[in-house]
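Just below is one structure, and these are the notes that go with it.
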Amino acid sequence: MPLAIAILVLAAGWRVFTLYVPQLSNFSPVMALAFCAGAYSRRGWLWLAPFGALILSDLYIDRYYAVTYHYEWTAAGAVLRILCFAAALGIGFLVSRRRNWLNLLGGTLAGSVLFYLVTNTASWIGDAGYAHDFAGWLQALTVGHPQFYSTLFFFRNTFLSDVLFTGCFALAMEYASLRRGDPSLLALKQVRR
């Protein structure tokens, strides 16, 4: 339990830290935490840790964006992010049935792409700065607003961090399993649930 709390605090802290290093925007372990919670944990309370990190860090990030960019995050936006993380947890649960490195990579990619498409489409719908046509949607998915980094930059950081942190969490789970004398978690046969 103390390790889970430490991971939660570190993940939330990392999200806040990246506000001050713009090159690291969206480079966060939280989506990987949600995905790996689904892929490795059967205890429902452990599934709450990524959501705790997300909500704790959002409290600060929302205020920071309001003061710095005069950009108000809405409850709908927060719910949308939570749903994306819940989907990553569900994808992780599906991957757990046939857990191997390729499926972990595929699940990570699916979570990253889902988050990118959902959040940028929501921005396109709710932001008056985008034309509400196909060209405006493409702008929201590629270049975004000219005064900010492109949305593809944010997607790149999201995907790279998801792959990196998923790999780290998977290796940590493997190490813990092998240290206990258990077989590899990635070598498990398909299990019917």
(message) Conditions first: (1) touching a Ser or Thr at 6+ places or on another chain (Cβ under 7 Å); (2) at pLDDT below 95; (3) buried (at least 17 other Cβ atoms within 10 Å of the Cβ); (4) in a helix (DSSP H, G or I). E174 passes all but one, so which condition is the exception?
(response) (3)
(message) Checking the condition open to solvent by 50 Å² or more (accessible area, probe 1.4 Å) and either modelled with pLDDT under 90 or not in a loop (DSSP other than H, G, I, E, B) (or both), which residue from L138, L186 passes?
(response) L138
(request) Considering every residue within the range 173-185, establish whether at least one is over 18 Å from the mean Cα position of the chain (by Cα), of a type in the set (F, W, Y) and more than 17 Å from R15 (Cβ to Cβ). (result) yes
(message) Could you list, ordered by first residue, the pairs with Cβ atoms under 8 Å in which the first is in the range 20-45 and closer than 23 Å to L171 by Cβ and among the polar types (S, T, N, Q) and the second is outside any loop (DSSP other than H, G, I, E, B) and open to solvent by 60 Å² or more (accessible area, probe 1.4 Å), at least 6 apart or interchain?
(response) S28/W14; S41/W47
(request) Among residues belonging to the range 75-121 that are without any contact (Cβ under 8 Å) to a residue 24 or more places away in the chain and polar (S, T, N, Q), point out the one that is surrounded by the most Cβ atoms within 10 Å (Cβ to Cβ). (result) N103
(request) From (1) surrounded by fewer than 16 Cβ atoms within 10 Å (Cβ to Cβ); (2) in contact with a Lys or Arg (Cβ under 8 Å, 6 or more places away or on another chain), pick out the condition that doesn't hold for D58. (result) (1)
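The values are calculated or read from the model by the stated rules, or taken from the named source; none is laboratory data. Values in this document were obtained by computation on a predicted structure and should not be read as measured data. Here the Cβ is made from the backbone with ideal geometry for all residues, glycine too, and neighbour counts use every protein chain on show. Accessible surface is based on the protein model in full, side chains and every heavy atom, while ligands, DNA and RNA are left aside. Shrake-Rupley method; radii C 1.70, N 1.55, O 1.52, S 1.80 Å.
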